[in-house]
Amino acid sequence: MVLLSVDGVECRYGSVKILENVSFTVKDGDFVGIIGPNGSGKTTLLKSISRTLKPYKGTIILDKIDIYNIKSIDLAKQMAIVPQESNIGFSFTALDIVLMGRNPHMKRFQMESESDLTIVRKAMNRTNTWHLADRPINELSGGEKQRVVIARALAQEPKVLLLDEPLTHLDMINQLEIMDLVKELCTKEHLIVLAVIHDLNLAARYCSSLLLLKGATIFAAGSVENVLTSENIKAVFRVDTIVRKSLVTNSLFVIPLSPQKSSVPRNCAIHIIAGAGTGTVVMKALFDEGYEVTAGVLNMLDTDYETAELLKIPTVSEAPFSPITEESKRLLSEMIFKSAIVVVTSVPFGYGNLSNLETALEAAKRGIRTYVIDEVPIESRDFTAGIATALMVELKKSGAIFIKHPSELPTLVNATHDRIELRKHAQSEIPGHMKNKLNSFTKNADNKEVS
Amino acid sequence: MTADKVESKYSKRHSRWKLILLALIIALIAAIILCLNIGYAPIKFSDILTILGKQIPLLNGSINSSSVSPVNQAIILQIRLPRILAGAIVGAGLAAAGVMYQGVFRNPMADSYLLGASAGASLGYTLTAIYAGSLALTFLGLGIFQIIAFIGAVLTVFLVYFMSRVGNKVPITTLLLSGIVVNIFILALQTVFELRSGKALIGIVAWIAGGFSNITWLDIYAVFPFVMIGIVLAYFFTKDLNMLSMGDDTAQHLGVNTERVRQILLLISSLITGAVVSISGVIGFVGLIIPHMTRLVIGPDHRILLPASAIVGAIFLILCDSLARVATGASELPVGVITALAGTPFFIYLLRKRKTSYSL
């Protein structure tokens, strides 16, 4: 078994510590993804392992040998590096480039032998570059070039393969093909692979374990499931994410939510009636605007429910696939009548969630400003034989405002919020004779908005 | 071309390279004989071959040289041959040094002049002409002028090199920048001394213009070892040069001790440059353009590029110098003018002929 041990490594540029107290051990067949934000020391770690940057402290032992105690030509027999981008001077052919991978195994005056050519041919076949052999490297596309460079690394017949953001300039198909290839090398040829990868989803899909760096040191290390949690991602990348297991690839994937805006909290409650993922965008948008968002009734496991959980929004919830009970409807009424604004998304309505719509109508009748997002016509999402459609007509009559797209909502809601605030001020601070004027002014504004 | 053909082409590459070198050596010999014929005194080819054959130890017994006049023999052996051989050695040295500079610095503009070699040599020559021209000092067959010019060239390159050291490494950009700065500085000094040089000025200007008009066999004996041994030593590092073209990091990862290779090649190429500049003065263009031209034709592999460029440089400079000798009748043109006039159009032709862009 081949082991690569990094022990107590500290790296500095001048007096600035770039890496501190980094220790881990990997064995052959491991595909380790190094992830972390910019400036967390990922590339520096790779540089210290590849002997480009000597650590200030600590050791790196490969197969019982300190890599800083051997000649560079001996290290090159054991370790190959695929850089982020290869700027190759002079127009060497692809085959020339891959043949250079044989250099560590050749004597100074030796020409490439038949066996070298065989090894190179095999490497190029594996990376699907043999047909490019005679082409000048500078005329190849980014993906082809990167595959040629990987072939060169394979021609070194290394035990360790280091890749520094190998996918940066590649399109989707090239990214997948290269990761497939690297994974195969790992499992079939028992290479140790360490790769700096920016794309968390690709890292999760291909790596056997992950190393998460933050602020020059290891924040978390281990299996993909243990490292790639939304808590860890939040702590390291400062981004809210949803981490799920893909049923297709059976690997984790990460959905980033946009970084939260630092807006002033608004002392104004908005209740959102949604479901089946129709409310996620709206919830997030209003949450970011600083409103006190509530939601419900939502079934557990519903996408909107998960969003609400993530945003820590108070929610009235119901068991999965269950109709709304009387108890839930009572809780909903309590919640909704305390709100200043109600939003109904274009959720499909069946007998199970009809109570939501009924409660919204009740709220509209009580004079609570109600917005209905009518993105999909109600007829095509009414599974109650017309009851929901009738309730919608009723809603409109009761003064609910219908809009076509969720993106229009925040502006309208902000306007409503400002008017409500203005009215509050009018009632408390402004002398009597001004009140009437203001009231009529805001009422006019309301009417204009409705028409 | 199918991939299988590619494979067989590569396994035959070594013999192809040998063939290229053989052809170039034959061309060099042909160029030497052709140029021996050029000059005011008309000398027949048969006489030239007789005179040369007489100099070859095993052959001389069987050659009858009685038909050749002693004057012609002296013209060939004492005037034309040393001059032509000097052209070959200087051309080979400049071109080989150019290959090394371009490879080591991954820069198409890098040559010995950019790094200050010629400026240093010129300053050395100027100082000698003003203050020490009468000293009859010789060393290894070199006169005082050559010695000081040689020292000036080598010192300047190393001054530039150590000026641009950052920590343990020599970044290309700082190197080229300090090269330019040092060049400007030395040029300023040069101007100051030229203004104070009085009668010596004519000699200085003529030497700086470059040429072979005062070459003797002693110059050749002194410079040939530097160029020959330099090129042979540099050949040890040609595979490293190939890998250096992919950047220092990648070269290191492929097992190249980059900093050591860089220092050794810089030393070798500076010694070569210093040696050739000391006998020929400043001849531009060869070190820059010959490696590019050769690379365009035979490819970028330094294992063939270095020796091939050296021979092409030798042929090129012999032909240019012969043109310089006869082009304008009585007075000679500086050979540097010819190298530029002859080389530029040919280089542009090669550059335009390639469909794809030429990248370094």
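Computed from the coordinates by the stated procedures, all read-outs in this text should not be read as laboratory data. Keep in mind it's a predicted model, so treat the numbers as computed, not measured. FYI the Cβ positions are ideal-geometry reconstructions off the backbone, even for glycines, and counts take in every protein chain you see.
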Exercise. Anything over 20 Å Cα to Cα? Flag those among A:27/A:57; A:27/A:159; A:312/A:404, in the order listed.
Key: A:27/A:57; A:312/A:404
Practice problem: Would you mind computing, in nm to one decimal, how far apart the modelled labels at residue A:180 and residue B:267 are, each placed 7 Å from Cα along Cα→Cβ? | Solution: 5.2
Self-check item: Among A:403-409, B:276-282, A:49-55, the order from most to least packed when residues are scored by Cβ within 10 Å on average
Solution: B:276-282, A:49-55, A:403-409
Practice problem: Can you tell me the dipole magnitude for the range B:7-166 around its Cα centre, using point charges on the Cβ only (Lys, Arg +1; Asp, Glu -1), in Debye to the nearest 20? | Solution: 520
Quiz item: Can you give the Rg and Dmax of the range A:70-156 based on its C-alpha atoms, in angstrom?
Solution: 12.3, 37
Quiz item: Considering amide H positions built from the backbone, and no H for Pro or chain starts, which residues 5 or more places from residue A:18, or on another chain, come under 5 Å of its amide H?
Solution: A:11, A:12, A:13
Quiz item: Could you work out Rg/(2.2 N^0.38 Å) for the range A:12-96, with Rg from alpha carbons only?
Solution: 1.26
Quiz item: Of the lysine pairs in chain B, how many meet both conditions: Cα atoms under 27 Å apart, and a spacing of 8 or more in sequence or different chains?
Solution: 15
Quiz prompt | Charge sum, other residues only, whose C-beta stays under 14 Å from residue B:82's C-beta, Lys/Arg counted +1 and Asp/Glu -1 | solution = +1
Exercise. Rounded to the nearest 0.05, what FRET efficiency do residue A:172 and residue A:25 give with R0 = 41 Å and r taken as the Cβ-Cβ distance? Could you check?
Key: 0.75
Quiz item: Relative contact order for chain A: what is it in percent, counting Cα pairs under 8 Å that are at least 6 residues apart?
Solution: 12
Self-check item: Three-way shape call for the range A:201-264 based on the alpha-carbon gyration tensor, with the a/c threshold at 1.5
Solution: oblate
Quiz item: Membrane-span-like helices in chain B: DSSP H runs reaching 30 Å or more (Cα, own axis), mean Kyte hydropathy at least 0.0?
Solution: B:13-36, B:81-105, B:172-195, B:258-280, B:302-326
Exercise. Quick one: Debye curve from the alpha-carbon atoms of the range A:140-261 only, equal weights, vacuum; give me log10 I(q)/I(0) at q = 0.16, 0.17, 0.21 Å⁻¹ to two decimals.
Key: -0.85, -0.95, -1.28
Quiz item: Just the projected area, averaged over all directions, of the convex hull on the alpha carbon atoms of the range B:193-298: how many nm²?
Solution: 9.3
Self-check item: For chain A, the longest site-free run once chymotrypsin sites (Phe, Trp or Tyr not before Pro) in DSSP loop states with at most 12 other Cβ atoms within 10 Å are removed
Solution: A:110-320
Self-check item: Distance from the range B:191-217 to the range B:93-119 (C-alpha centre basis), Å
Solution: 24
Quiz prompt | Other protein chain Cβ atoms within 10 Å, averaged over every residue that makes up A:95-104 | solution = 5
Exercise. Under a cut-off of 18 Å between alpha-carbon atoms, report the lysines in cross-link reach of residue A:329, not counting same-chain residues fewer than 8 places apart.
Key: A:338, A:365
Quiz item: Could you give the nm distance between label points at residue A:189 and residue A:13, where each point is 7 Å from its Cα heading toward the beta carbon?
Solution: 3.2
Quiz item: Can you tell which of A:411, A:256, A:25 lies farthest toward the positive end of the dipole of the protein assembly as shown, using +1 and -1 charges on the Cβ of basic and acidic side chains (Lys, Arg; Asp, Glu)?
Solution: A:25
Quiz item: Which one of B:73, A:347, A:203 is farthest out on the positive end of the charge dipole of the protein assembly as shown, using unit charges on Cβ (Lys, Arg +1; Asp, Glu -1) and the Cα centre as origin?
Solution: B:73
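Across the residues of B:295-304, average count of Cβ atoms on other protein chains within 10 Å?
Taking all residues of B:295-304 together, the mean is 3.
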Quiz item: What does the charge add up to near residue A:80, with Lys and Arg as +1, Asp and Glu as -1, over the other residues with Cβ less than 10 Å from its Cβ?
Solution: +2
Quiz item: Whole number please: convex hull volume per residue of the Cα set in the protein assembly as shown, in Å³?
Solution: 268
Quiz item: Looking at the range A:299-407, which GluC sites (Glu not before Pro) are DSSP coil and have at most 13 other C-beta atoms within 10 Å of their C-beta?
Solution: A:375
Practice problem: Pull up the cross-link candidates among the aspartates and glutamates for residue A:188, meaning alpha carbon to alpha carbon under 17 Å and not fewer than 8 places away within one chain. | Solution: A:28, A:30, A:157, A:177, A:180
Quiz prompt | Taking the range A:115-188 and dividing mean pair separation by its residue count, relative contact order in percent (alpha carbons under 8 Å, at least six apart) | solution = 33
Quiz item: How much of the calculated P(r) for chain A lies past 33 Å, in percent of all Cα pairs?
Solution: 54
Quiz item: Farthest toward the dipole's positive end in the protein assembly as shown, which of B:256, A:242, A:169, given Cβ charges of +1 (Lys, Arg) and -1 (Asp, Glu) about the Cα centre?
Solution: B:256
Quiz item: Per residue of B:242-248, what is the mean number of Cβ atoms on other protein chains within 10 angstrom of that residue's Cβ?
Solution: 6
Quiz item: Per the helix-only calculation at 222 nm, which mean residue ellipticity applies to chain B, given -39500 (n - 2.57) for every DSSP H run of n ≥ 4 and division by its residues, nearest 500 deg cm²/dmol?
Solution: -23000 deg cm²/dmol
Quiz item: Taking the convex hull of the alpha carbon atoms in the range B:17-95, what volume per residue do you get, in Å³?
Solution: 114
Quiz item: How large is the charge dipole for the protein assembly as shown, taken about the Cα centre, if only the Cβ atoms of Lys, Arg (+1) and Asp, Glu (-1) carry charge, to the nearest 20 debye?
Solution: 2160
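Treating the beta-carbon of each Lys and Arg as +1 and of each Asp and Glu as -1, no other charges, what is the dipole magnitude of the range A:41-197 about its Cα centre, to the nearest 20 debye?
It comes to approximately 640 debye.
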Quiz item: Under Stokes-Einstein, with the Kirkwood radius over Cα pairs standing in for Rh, what whole-number D in µm²/s applies to chain B at 37 °C and 0.692 mPa s?
Solution: 152
